[in-house]
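**Q** Below: one structure in structure tokens.
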Amino acid sequence: MSFLLAIFYFFYFSIIGVYIIFLPKVLSMAGYSASDIGIIFAAAPLVRFIVPFAFIKGLKINVKSFNISLLIMCLSAVSFYFSLDSFYKLLFSNITLGVGLSIVLPYVELISLKHLGKEEYGKIRLFGSVGFILVAMVLVKFLSSPSVALIYLLVLTFVTSIFAYVIAKRADALLERSEEVTNDINLLKDWRLWAGLTLMQVSFGSFYNFFTIYVTDHGITLDIAVYLWSFGVVVEIFMLYFQGALLRRNLLLILQFTTFATALRWFILFMFPDNVTMLFVSQTLHALSFALFHSAAISYLFHLYKHKSLAQQFFSGITYGFGAFAGALIAGYVYELYPSYLFLSATLIALGATYSLYLWGADLNKISSRL
């Protein structure tokens with residue numbers, strides 16, 4: 001199972017590499033405005049936000065719904081290939097892709113945590129980072145036309161779906177036995193926690209959707225932009241491999257620290273957009289703002305709530321869904337109206353995440369002192 005999970009992560013995050021690094025640039029090359037790109041890339045995460053609420057209303061998180069989501073993912077990739085000439089076709093393709101993504105990764109993350117544990121999770125998840133960096137290094141050499149990126153997206157989606165299907169089929173019995181629990185997730189009661197996790201992803205809207213455009217607009221070549229992405233993934237891989245000891249410590253404190261480090265990262269991008277050295281310095285913080293934060297967040301929710309699969313669905317849907325939706329929209333309009341302040345806005349949002357998680361920790365301390 002560990003081998004299958006490693007292969008899945010490799011190909012899944014290869015898709016994300018194409019999607020994040022190259023598709024915004026492809027749409028920009030095709031003549032779409034910054035706000036158009038922001039709207040298109042906001043569609044998928046918005047759907048990811050909506051879908052988990054369907055599971056509260058009775059939809060089952062099981063291998064059947066998982067396989068349907070794989071089919072939707074594949075059809076979306078096909079649709080993307082024939083949609084570059086139309087804003088509304090691209091929007092539709094991104095929406096359907098969001099439906100598939102809203103189920104696939106959270107389901108596999110749950111399988112990984114159950115089979116591997118939080119200490120070993122990173123050593124398998126790092127293969128996703130390897131896939132991300134390899135597709136970036138390869139595709140930049142062959143991106144002669146926008147259709148090339150769409151072909152990569154199509155092929156990688158089909159390969160990912162095959163491995164995901166096999167993993168879900170093997171793990172279905174275990175998950176079915178362990179998920180007969182009542183929903184204990186109260187978003188209103190725990191709003192400070194969820195607000196903090198969500199604001200973190202809102203701040204990433206500037207990075208995921210406009211980093212390549214932002215740095216190339218400041219005179220950085222596309223090759224250097226890809227090297228920056230790749231360097232960030234290298235330090236991410238390093239953190240994923242060695243983070244096991246850190247994850248045995250206070251997970252909430254790690255979340256607070258990594259959100260603050262992310263605010264510092266965005267501030268460096270705001271201050272030094274054309275300084276290659278400082279851009280690489282900012283990318284070293286990706287080890288904290290993505291790798292350590294993500295592992296600490298899913299591990300914290302895994303141990304906090306009894307309904308573990310729904311907790312992962314909500315983490316994907318609310319933070320990577322609504323958070324990415326809001327982040328894409330905000331970044332699109334900020335970059336169109338006030339481009340030099342793109343990463344200053346991201347800095348303030350990340351500081352808001354730190355403050356919200358601080359308030360959540362303060363609430364927990366008050367409750368424990370009364371007991």
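The values are calculated or read from the model by the stated rules, or taken from the named source; none is laboratory data. Because the structure is predicted, anything quoted here is derived from the model rather than measured. With ideal geometry, Cβ positions are generated from the backbone for all residues, glycine too; neighbour counts draw on all protein chains shown. For the accessible areas, the whole protein counts, side chains as well, though only heavy atoms, and no ligand, DNA or RNA atoms are used. Shrake-Rupley method; radii C 1.70, N 1.55, O 1.52, S 1.80 Å.
**Q** Looking only at segment 20-75, filter to residues that are small (Gly, Ala, Ser) and in contact with a Gly (Cβ under 8 Å, 6 or more places away or on another chain); which one of those is modelled with the highest pLDDT? Show your work before the answer.
**A** The initial filter retains those residues of segment 20-75 that are small (Gly, Ala, Ser), namely 28, 30-31, 33-35, 38, 42-44, 54, 58, 65, 69.
Add one more test, that the residue is in contact with a Gly (Cβ under 8 Å, 6 or more places away or on another chain), and what stays is 34-35, 38, 42-44, 69.
On the way: Ala34: 77, Ser35: 79, Gly38: 76, Ala42: 76, Ala43: 79, Ala44: 76, Ser69: 88.
My answer is Ser69.
**Q** Here's a follow-up. What number of residues within segment 28-42 are surrounded by fewer than 22 Cβ atoms within 10 Å (Cβ to Cβ) and under 16 Å from Ile95 (Cβ atoms)?
**A** So the count comes out to 2.
**Q** If you don't mind, there's one more thing I want to ask. Given the criteria on the phi < 0 side of the Ramachandran plot and either surrounded by fewer than 21 Cβ atoms within 10 Å (Cβ to Cβ) or at pLDDT below 95 (or both), does Phe260 qualify? It would help to see each step written out before you state the result.
**A** Numbers: on the phi < 0 side of the Ramachandran plot: yes; either surrounded by fewer than 21 Cβ atoms within 10 Å (Cβ to Cβ) or at pLDDT below 95 (or both): yes.
Against the criterion (on the phi < 0 side of the Ramachandran plot and either surrounded by fewer than 21 Cβ atoms within 10 Å (Cβ to Cβ) or at pLDDT below 95 (or both)), Phe260 qualifies.
**Q** Let me ask another. Just to verify a result, which residue in segment 330-350, among those that are aromatic (Phe, Trp, Tyr) and in a helix (DSSP H, G or I), is modelled with the lowest pLDDT? Step through it out loud before you land on a result.
**A** Looking only at segment 330-350, we keep the residues that are aromatic (Phe, Trp, Tyr), and these are 333, 335, 338, 341, 343.
Now narrow it down to the ones that are in a helix (DSSP H, G or I): 333, 335, 341, 343.
On the way: Tyr333: 88, Tyr335: 91, Tyr341: 95, Phe343: 96.
The selected residue is Tyr333.
**Q** Quick one: which of Ala195, Ala173, Ala225 is at pLDDT 95 or above and among the small types (Gly, Ala, Ser)? Break it down into steps so the answer makes sense when it comes.
**A** Numbers: Ala173 fails: at pLDDT 95 or above; Ala225 fails: at pLDDT 95 or above.
Exactly one residue qualifies, and that residue is Ala195.
**Q** Is it the case that Ser299 is among the hydroxyl-bearing types (Ser, Thr, Tyr) and crowded, with 23+ Cβ neighbours inside 10 Å? Break it down into steps so the answer makes sense when it comes.
**A** Details: among the hydroxyl-bearing types (Ser, Thr, Tyr): yes; crowded, with 23+ Cβ neighbours inside 10 Å: no.
So Ser299 fails the test.
**Q** Another question about this same structure. State which residue pairs qualify: first residue touching a residue at least 24 places away in the same chain (Cβ under 8 Å) and under 11 Å from Val202 (Cα atoms) and inside segment 343-357, second residue of a type in the set (A, V, I, L, M) and open to solvent by 10 Å² or more (accessible area, probe 1.4 Å) in any location, beta carbons under 7 Å apart, and separation of 6 or more residues or different chains.
**A** Pairs that qualify, where the first residue is touching a residue at least 24 places away in the same chain (Cβ under 8 Å) and under 11 Å from Val202 (Cα atoms) and the partner is of a type in the set (A, V, I, L, M) and open to solvent by 10 Å² or more (accessible area, probe 1.4 Å), are Ser345/Ile330; Ser345/Val334; Ile349/Leu199; Ile349/Val202; Gly352/Leu199; Ala353/Leu199.
**Q** Let me ask something else. What's the total number of residues in segment 1-19 that are buried (at least 22 other Cβ atoms within 10 Å of the Cβ), modelled with pLDDT under 90 and among the aliphatic types (A, V, I, L, M)?
**A** Number satisfying all stated conditions: 2.
**Q** For segment 246-255, give me each residue that is open to solvent by less than 60 Å² (accessible area, probe 1.4 Å) and either in contact with a strand residue (DSSP E or B) (Cβ under 8 Å, 6 or more places away or on another chain) or free of Cβ contacts under 8 Å to residues at least 24 places away in the same chain (or both).
**A** The first filter runs over segment 246-255 and keeps only residues open to solvent by less than 60 Å² (accessible area, probe 1.4 Å), leaving 247, 251-252, 254-255.
Passing the criteria: none in range.
**Q** From the list Phe92, Phe82, which residue is surrounded by fewer than 22 Cβ atoms within 10 Å (Cβ to Cβ) and under 18 Å from Ala42 (Cβ atoms)? It would help to see each step written out before you state the result.
**A** On the way: Phe82 fails: under 18 Å from Ala42 (Cβ atoms).
Result: Phe92 is the single residue among Phe92, Phe82 that is surrounded by fewer than 22 Cβ atoms within 10 Å (Cβ to Cβ) and under 18 Å from Ala42 (Cβ atoms).
**Q** Just need a number here: residues in segment 226-239 that are of a type in the set (Gly, Ala, Ser) and free of Cβ contacts under 8 Å to residues at least 60 places away in the same chain.
**A** Number of matching residues: 1.
**Q** Under the condition of being within 16 Å of Glu236 (Cβ to Cβ) and aromatic (Phe, Trp, Tyr), which residue from segment 272-318 is modelled with the lowest pLDDT?
**A** Phe290
**Q** For segment 240-250, give me each residue that is part of a helix (DSSP H, G or I) and touching a helix residue (DSSP H, G or I) at 6+ places or on another chain (Cβ under 6 Å). Give the derivation first.
**A** Here is the first cut: in segment 240-250, the ones part of a helix (DSSP H, G or I) are 240-242, 246-248.
Those that are part of a helix (DSSP H, G or I) and touching a helix residue (DSSP H, G or I) at 6+ places or on another chain (Cβ under 6 Å): Leu240, Tyr241, Leu247.
**Q** Name the one entry in Ile237, Ile220, Ile224 that is out of contact with any Cys (no Cβ under 8 Å at 6 or more places or on another chain), open to solvent by 10 Å² or more (accessible area, probe 1.4 Å) and not in a helix (DSSP H, G or I).
**A** Numbers: Ile237 fails: not in a helix (DSSP H, G or I); Ile224 fails: not in a helix (DSSP H, G or I).
Within the list Ile237, Ile220, Ile224, the selection yields Ile220.
**Q** Still on this model: Right, Tyr214: open to solvent by 10 Å² or more (accessible area, probe 1.4 Å), part of a helix (DSSP H, G or I) and either over 17 Å from Ser282 (Cβ atoms) or of a type in the set (Ser, Thr, Tyr) (or both) or not?
**A** Working: open to solvent by 10 Å² or more (accessible area, probe 1.4 Å): no; part of a helix (DSSP H, G or I): yes; either over 17 Å from Ser282 (Cβ atoms) or of a type in the set (Ser, Thr, Tyr) (or both): yes.
No; evaluated as a whole, the condition is false for this residue.
**Q** What tally of residues in segment 271-283 results from selecting those that are out of contact with any His (no Cβ under 9 Å at 6 or more places or on another chain) and buried (at least 19 other Cβ atoms within 10 Å of the Cβ)?
**A** 3
**Q** If you check Leu110 against the conditions, is it surrounded by 23 or more Cβ atoms within 10 Å (Cβ to Cβ) and either among the aromatic types (Phe, Trp, Tyr) or at negative phi (or both)? Spell out how you get there, then give the answer.
**A** On the way: surrounded by 23 or more Cβ atoms within 10 Å (Cβ to Cβ): yes; either among the aromatic types (Phe, Trp, Tyr) or at negative phi (or both): yes.
When the stated conditions are applied, Leu110 passes them.
**Q** I need every pair where a residue in segment 114-131 that is closer than 14 Å to Met1 by Cβ has its Cβ under 8 Å from the Cβ of a residue that is outside any helix (DSSP H, G or I) and of a type in the set (A, V, I, L, M), sequence separation at least 6 or different chains.
**A** His115/Met1
**Q** Kindly indicate whether Lys123 is basic (Lys, Arg), modelled with pLDDT under 85 and in a helix (DSSP H, G or I). I'd like the intermediate steps shown before the answer.
**A** Values: basic (Lys, Arg): yes; modelled with pLDDT under 85: no; in a helix (DSSP H, G or I): yes.
Against the criterion (basic (Lys, Arg), modelled with pLDDT under 85 and in a helix (DSSP H, G or I)), Lys123 does not qualify.
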